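Remarks on the structure that follows.
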Amino acid sequence: MGKINAAITAVNGYVPEDVMTNFDLEKLVDTTDEWIRTRTGIEERRILRGEGKGASAMAIPAVEGLLKKRGIKASEIDLLICSTVTPDYVFPATSNIICDKIGAVNAWGYDLAAACSGFLFGLETGRRFIESGAYKKVVIVGVDKMSSILDYEDRNTCIIFGDGAGAVLLESTEEEVGVMDAILKVDGSGFEYLHQKAGGSVLPASHETVENKLHSVYQEGKSVFKFAVTGMADVSYDVMTRNGMTGDDVQWLVPHQANKRIIDATASRMNLAPERVMINIHKYGNTTAATIPLCLSDYESQLKKGDNIILAAFGGGFTWGAIYVKWAY
Ligand code: UT7
């Protein structure tokens, strides 16, 4: 038997219906549509509204649509990894809730917290489970309800993020396609620039943490920007070159959608033309773990079997990385 590869055999995205435009934000904080568009590339984002709806309310339709596209039953899934920093609850894992609601009765799963790099960390993990021969069908779903941890009085953070989910199915194949290589990195010293102060075991919820808005995203944007712009560009270049490719060999860059300027810097370092870079930041903003599968879903009809694709992200932690995928269908 030849080497087993982990092929992406289906992709699907889900965003909630409610749109929040830059003009809506102008009414909440001291900002302008012009500032947001020119500094980030974002025009609008989606917000999940409704009592009792958490991340799983987006992950479930994303995964159900995925299975429908591929024509398989939920009971065929072996493992479901949910990448998120906005789980439904601290416990049980959101993956448990998703598996229950979709009827994935033969699957096990867990949540993975790597912020904006969550989808890449999940993809690399799922790939290894497939390559080991242990499992045949693994779902990776990246989902975040960022609106649940935003302070809509803080213009530094609330303008960037949105809600959404995206999922891929990984299946074993002996063809030379699928997840080919990955470079993933963490640097915990980046904690100070981007984190959520309260709600964990260091600072559990109290009147004081709520009053002081410590359950919202804290970000020093300029510092994160500096690390992101070099981190994401370098790692994308490294995974490309160590696989013997130049920009001419790469059909698509699928960058995390945090800031159009970070995306442009990465494409430029790889020597890629803008038309080979997937962009949907204008529609959805930064949906954290969902940006990359949402892009793949939006551009799915343009992908061809054998395309060389580089997925890249940078985010809280710090976490960052790039994955080389050969498209399988
Ligand atoms: O995905 C997770 C990882 N996160 C990222 O990758 C985000 C990386 N950072 C960024 O994308 C950018 O730093 C931001 C978009 C968050 C901010 O853009 P910036 O160009 O770095 O702006 P800045 O924070 O340096 O602020 C520049 C000016 C400041 O005013 P002064 O001090 O120059 O008078 C800010 O107070 O813009 C002001 N400002 C705003 N003005 C209007 C900051 N936020 C806003 C706003 N509207 N929303």
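The values are calculated or read from the model by the stated rules, or taken from the named source; none is laboratory data. Given the structure is predicted, the values throughout are model-derived calculations rather than measurements. Reconstructed Cβ throughout: ideal geometry from the backbone, glycine too, with neighbour counts over all protein chains shown. Side chains included, ligands, DNA and RNA excluded: accessible areas come from the protein's heavy atoms. Shrake-Rupley method; radii C 1.70, N 1.55, O 1.52, S 1.80 Å.
Rounded, prolate or oblate, given the Cα gyration tensor of region 39-158, with a/c below 1.5 counting as rounded? List each step's numbers first, then the result.
Details: a/c = 2.06, a/b = 1.71, b/c = 1.20.
Prolate shape, in that a/c is at least 1.5 and a/b is the bigger ratio.
Take each of the peptides 263-270, 212-219, average the number of other beta-carbon atoms within 10 Å over its residues, and list them starting from the highest. Each step should come with its number before you reach the end.
Values: 263-270: 20.4, 212-219: 17.4.
By packing density, highest mean first, the sequence is 263-270, 212-219.
Hey, which of these cross-link pairs are over 18 Å Cα-Cα: K260/K305; K73/K137; K73/K136; K136/K304; K3/K137; K68/K101? Write out the running numbers ahead of the final one.
Details: K260/K305 28 Å; K73/K137 11 Å; K73/K136 13 Å; K136/K304 23 Å; K3/K137 16 Å; K68/K101 15 Å.
Beyond 18 Å: K260/K305; K136/K304.
So who's got an amide H within less than 5 Å of the one on L112, skipping anything under 5 residues away but keeping other chains? H placed 1.01 Å off N, in plane.
Hits under the 5 Å cutoff: C82, S83, T84.
Counting C-alpha atoms alone, how compact is region 208-266: give Rg to one decimal and Dmax as a whole number, in angstrom.
Both quantities, over Cα of region 208-266: 16.5, 55 Å.
Report, by chain and number, residues whose modeled amide H sits under 5 Å from the one on Y218, excluding near sequence neighbours (fewer than 5 apart, same chain).
Here the answer is H195, Q196, K197, since their amide H atoms fall under 5 Å of that of Y218.
Taking the Cα centre of the chain as the origin, how large is its charge dipole in debye, to the nearest 20, when only Lys and Arg (+1) and Asp and Glu (-1) carry charge on their Cβ atoms? Don't skip to the answer; put the middle values down first.
Working: 33 positive and 42 negative charges, 106 e Å.
Dipole about the Cα centre, nearest 20: 500 debye.
Rounded to the nearest 5, what % of DSSP beta bridges with both residues in the chain are antiparallel? Don't skip to the answer; put the middle values down first.
Numbers: 40 of 56 bridges.
Given both bridge residues lie in the chain, the antiparallel proportion sits at roughly 70 percent.
Would you calculate, for the chain, the mean residue ellipticity at 222 nm contributed by helices, counting each DSSP H stretch of 4 or more residues as -39,500 (n - 2.57) and dividing by all residues, to the nearest 500?
On the way: 10 runs with 101 residues, N = 329.
Helix contribution divided over all residues of the chain: -9000 deg cm²/dmol.
Kindly write out, for region 91-101 in residue order, the coupling ³J(HN,Hα) from the Karplus curve 6.51 cos²θ - 1.76 cosθ + 1.60 (θ = phi - 60°), rounded to whole Hz, with x marking Gly and Pro.
Using θ = phi - 60°, the values come out as 8, x, 4, 4, 4, 4, 5, 4, 4, 4, 5 Hz.
Give the shape of region 180-326 as rounded, prolate or oblate, defined through the alpha-carbon gyration tensor: a ≥ b ≥ c are the square roots of its eigenvalues, a/c under 1.5 means rounded, and otherwise the shape is prolate if a/b is larger than b/c and oblate if not.
Details: a/c = 2.47, a/b = 2.01, b/c = 1.23.
Prolate, because a/c is 1.5 or more and a/b exceeds b/c.
At each listed q (0.09, 0.11, 0.15 Å⁻¹), what is the log10 of I(q)/I(0) that the Debye formula gives for the chain modelled as equal alpha-carbon point scatterers?
Summing over Cα pairs of the chain leads to -0.42, -0.64, -1.23.
Heavy atoms only, probe 1.4 Å: what % of the accessible area of the chain goes to carbon and sulfur, would you let me know?
Working: 7100 of 14010 Å².
Looking at the chain in its full context, I get 51 percent from C and S.
For the charge dipole of region 180-326, defined by +1 on Lys and Arg C-beta atoms and -1 on Asp and Glu C-beta atoms about the Cα centroid, which residue among A322, A289, V250 has the Cα displaced farthest towards the positive pole?
V250
Just the accessible area per residue of region 71-223, please: how many Å² with a 1.4 Å probe? Intermediate results must be reported in sequence, preceding the final value.
Working: 6840 Å² over 153 residues.
Per residue, region 71-223 has an accessible area of 45 Å².
Give me the accessible area per residue for region 254-319, probe 1.4 Å, as a whole number in Å². Intermediate values should be presented prior to the final figure.
On the way: 2020 Å² over 66 residues.
The answer is 31 Å² per residue.
Just add up the charged neighbours of I47: K/R +1, D/E -1, any other residue whose Cβ is under 15 Å from the Cβ of I47.
On the way: positive: K27, R45, R46, R49, K53, K145, K283; negative: E17, D18, D24, E43, E44, E51, D144, D151, D163.
That sum, taken over residues with Cβ under 15 Å, equals -2.
Apply the Karplus parameterisation 6.51 cos²θ - 1.76 cosθ + 1.60, with θ equal to phi minus 60°, to every residue of region 135-146 and state each ³J(HN,Hα) to the nearest whole Hz, in sequence, with x for glycine and proline.
9, 9, 9, 10, 9, 10, 10, x, 8, 8, 9, 5
Set the Förster distance to 25 Å, then compute FRET efficiency between E51 and H207 from the Cβ-Cβ distance, nearest 0.05. Let's see the in-between values first.
On the way: r = 23 Å, r/R0 = 0.91.
Between E51 and H207 the formula returns 0.65.
Could you sort F91, F318 by their accessible area in this structure, using a 1.4 Å probe and putting the largest first? Kindly include the intermediate steps, with their values, before the conclusion.
Values: F91 165, F318 5 Å².
Reading off the accessible areas and sorting them downward yields F91, F318.
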